[in-house]
Amino acid sequence: MKSNNSYQDYTLPNWKHFITGEKGRYSTRPQIIESWTRCRQASVNPYGNTAHRKLDEAQMQAMLLEKQELIKVAKPFMRNLYQFVQGSGFVVALSDERGYIMEMFGDEDTLKNPMTHNFFHGASWGEEEGTNAIGTALVIKEPLQVSGAEHYCQKHHCLTCSAAPIFDHHGEVLGILDMSGASYTSHLHTLGMVVAAAEAIAAQLVIQRKNKELAQANKRLTNIFNAMSDGVVMVDQGGVITQLNPAAKEILNIREDELLGMSIDKLFGSKNAVTRHMLTSKEPYEDVEFMVDTKKSRFHCLASGEPLLDDEGRVVGGVIILRPIKQIQNLVNRFSGYHATLQFRDIIGESVAIIEAIRVASLAATTSSTILLQGESGTGKEIFAQAIHNKSEQRKGPFVAMNCGVIPRELIGSELFGYAEGAFTGAKKGGKPGKFEFASGGTIFLDEIGDMPLEQQIALLRVLQEKKITRIGSDKVIPVNTRIICATNKNLRQEVEKGAFRQDLYYRLNVIAVNIPPLRDRVQDIPLLFRYFLDKIGKEQGCKYEVEPGVIECLEQFTWPGNVRELQNVVERAVSFTESGIITTMHLPLDVAVSCNIAGGIKGLSQDDRRYLGRAQRKKRIEDAECQQILLFLAKHGGNVSEVARDLGVSRNTLYRKMRLYAIEN
């Protein structure tokens with residue numbers, strides 16, 4: 001370093017010319033001239049001698065808290081740097097990205113020394129204090145040494161300052177490392193030392209960040225590893241168990257201290273071959289069934305394995321995933337059936353009534369509106385619902401059907417909306433989602449909506465309005481995006497008038513109504529349906545059935561109270577009774593036969609009919625005929641039991657007993 005006696009500041013004349021406004025060419029570095037220009041434009045007083053601005057205590061503490069990681073990393077490097085200049089009046093300082101000093105090392109007289117008295121915690125060394133190494137380095141984002149008269153303010157001409165930015169991994173300035181001392185001690189090596197220290201600090205910050213990211217990633221992986229419901233077993237290249245998660249311990253039902261260090265040969269027995277093959281061939285395997293007996297229990301699961309390779313492609317171990325069969329079965333049971341398979345083309349019929357119903361339903365399918373399917377039992381309302389779903393925007397989502405008429409009224413709420421854990425006695429641990437949650441993103445089909453209890457009608461109305469549900473026993477609101485299709489065999493308007501159905505819900509559901517005609521109103525479709533069901537059974541059985549003349553005519557004369565479903569049952573019954581592969585009128589139920597006068601009821605069974613029935617079936621056939629006969633006479637006499645008993649030639653008590661026997665409700 002140069003001595004005080006020999007030091008001469010060659011920049012001073014240039015500084016004087018610039019300050020006085022003399023024009024001309026300056027031999028000073030461009031970075032310095034540009035900084036001087038910025039200071040002049042900012043009205044910085046080159047002759048000012050006031051102390052530097054500083055942060056108040058609260059601002060200082062906030063800065064130290066925010067920059068604690070940078071300070072902690074930088075301090076050892078600053079200490080090493082200071083050891084080279086200790087006792088020479090030099091100061092090693094660390095500022096933030098605004099130029100405020102956060103940490104510094106200096107001699108005991110630093111604050112008293114006229115040269116360094118502006119170096120203190122919280123002092124501002126931004127370029128608003130005039131050209132200086134810290135402030136100008138912040139502006140140009142490059143290392144810089146500013147000596148003597150290169151400082152814009154005369155009060156700093158006694159200093160030489162070397163500063164280098166500290167960058168983060170995004171290239172943004174975190175702070176400035178600076179070393180400042182007497183101007184006559186200026187040396188370019190000083191800047192080199194500062195730059196090296198700043199780069200070392202930045203590198204250490206990157207290492208710390210990487211270590212922190214690795215630690216966080218390891219923590220996340222560990223949490224996932226421990227929280228997985230599937231069992232995970234880690235093995236080394238020799239097939240020895242090195243690690244396993246809690247689910248694996250539970251599945252294997254063996255203590256962890258026994259499992260660690262155990263060979264897969266001992267654990268899996270004869271089933272270890274696939275894992276051994278994976279470790280030698282690097283080939284993974286998937287869903288291999290394992291059923292292994294241990295001393296304590298048997299575990300039955302599907303196992304999948306994946307080899308672990310190093311950078312050179314050598315096997316260093318493997319991961320085995322265990323999924324209990326019971327868990328898989330539960331998932332299958334839980335989600336099975338939640339899809340629609342039927343399309344509009346699966347609806348059989350050419351009558352005007354059914355074609356119109358299909359047209360309306362097909363148009364409704366392309367909308368997002370709620371649809372109400374109206375029709376008698378057995379007309380095929382669910383077929384229409386599935387067809388609508390498969391033509392709608394929700395076709396890729398689930399199709400969840402629920403019959404409101406067969407579920408006990410106290411359970412409808414939990415079935416529809418689910419329940420939270422502990423909601424009621426017998427509630428499953430962890431609770432259970434309801435049909436609306438399962439159907440989210442798809443369609444929910446509520447059959448027999450007219451049988452829904454009033455209290456659940458209110459809840460359903462709320463779902464229609466808000467598109468949200470709340471599980472029973474929970475206050476958590478769950479949004480659901482579900483298309484609703486309802487069906488009923490009742491006249492909902494009449495139910496509203498009777499007070500059995502909410503009027504506001506009726507209008508919400510009845511946005512688009514599709515009326516599905518009964519079979520008696522589409523007689524021309526009966527032959528098509530009969531042949532369709534007969535051919536379907538024939539394909540399943542691998543045979544072909546013939547039909548005698550007169551069967552179709554007889555079917556067309558029947559009123560079909562059970563509609564298409566009843567017709568399908570009649571076909572199945574006829575196929576079951578024929579021995580020759582030919583369907584005759586003798587194979588039809590008596591109530592169908594009565595409609596076309598080929599049988600005479602309870603008293604009128606012909607000898608041929610009795611012979612056909614056979615000994616083993618005669619009793620049941622007579623009972624079926626008797627039941628159908630009672631139903632026919634009840635319908636004929638409008639439910640008048642006395643008149644029915646008189647026509648049948650039995651007493652009222654006998655008739656009542658037979659009605660109870662056949663579960664006939666009048």
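Taken together, the values in this text are just the output of simple stated rules run on the coordinates, not laboratory data. Just so it is clear, the structure is predicted and the values come from calculations on it, not from any experiment. Positions of Cβ are generated from backbone atoms using ideal geometry, with glycine treated the same way; all protein chains shown enter the neighbour counts.
Listing for the model above:
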{"item": "Reachable aspartates and glutamates, given that their alpha-carbon falls under 16 Å from the alpha-carbon of Lys282 and they are not under 8 places away in the same chain", "result": "Asp236, Glu306, Asp310, Asp311, Glu312"}
{"item": "Fewest-first sequence of Arg98, Arg657, Arg508, Arg345 by Cβ atoms within 10 Å of each Cβ", "result": "Arg345, Arg657, Arg98, Arg508"}
{"item": "Residue order, fewest to most surrounding Cβ atoms within 10 angstrom, among Tyr100, Tyr184, Tyr10", "result": "Tyr10, Tyr184, Tyr100"}
{"item": "Options (i) 330; (ii) 261; (iii) 140 - which one matches volume of the Cα convex hull per residue in Å³ as calculated here", "result": "(i)"}
{"item": "Computed FRET value (nearest 0.05) for Asn481 with Glu455, which takes r as the C-beta separation and R₀ as 22 Å", "result": "0.35"}
{"item": "Those aspartates and glutamates that a straight Cα-Cα span of less than 16 Å connects to Lys212, excepting residues fewer than 8 apart in one chain", "result": "Glu69, Asp168"}
{"item": "Overall form of segment 12-209 per C-alpha gyration tensor (a/c, 1.5; a/b vs b/c)", "result": "prolate"}
{"item": "20 Å Cα cut-off, lysine pairs counted over segment 364-523 (separation 8 or more, or different chains)", "result": "16"}
{"item": "Per-pair calculated FRET efficiency, R0 = 56 Å: Arg220 and His117 via Cβ, rounded to 0.05", "result": "0.65"}
{"item": "Within-11-Å neighbourhood charge of Phe445 [Cβ basis; K, R +1; D, E -1]", "result": "0"}
{"item": "Length-normalised contact order of the chain in % [C-alpha pairs under 8 Å, at least 6 apart]", "result": "7"}
{"item": "Anisotropy class of segment 79-193 from Cα gyration tensor, a/c 1.5 cut", "result": "rounded"}
{"item": "Computed [θ] at 222 nm, helices only, for the chain once each DSSP H run of length n ≥ 4 contributes -39500 (n - 2.57)", "result": "-13500 deg cm²/dmol"}
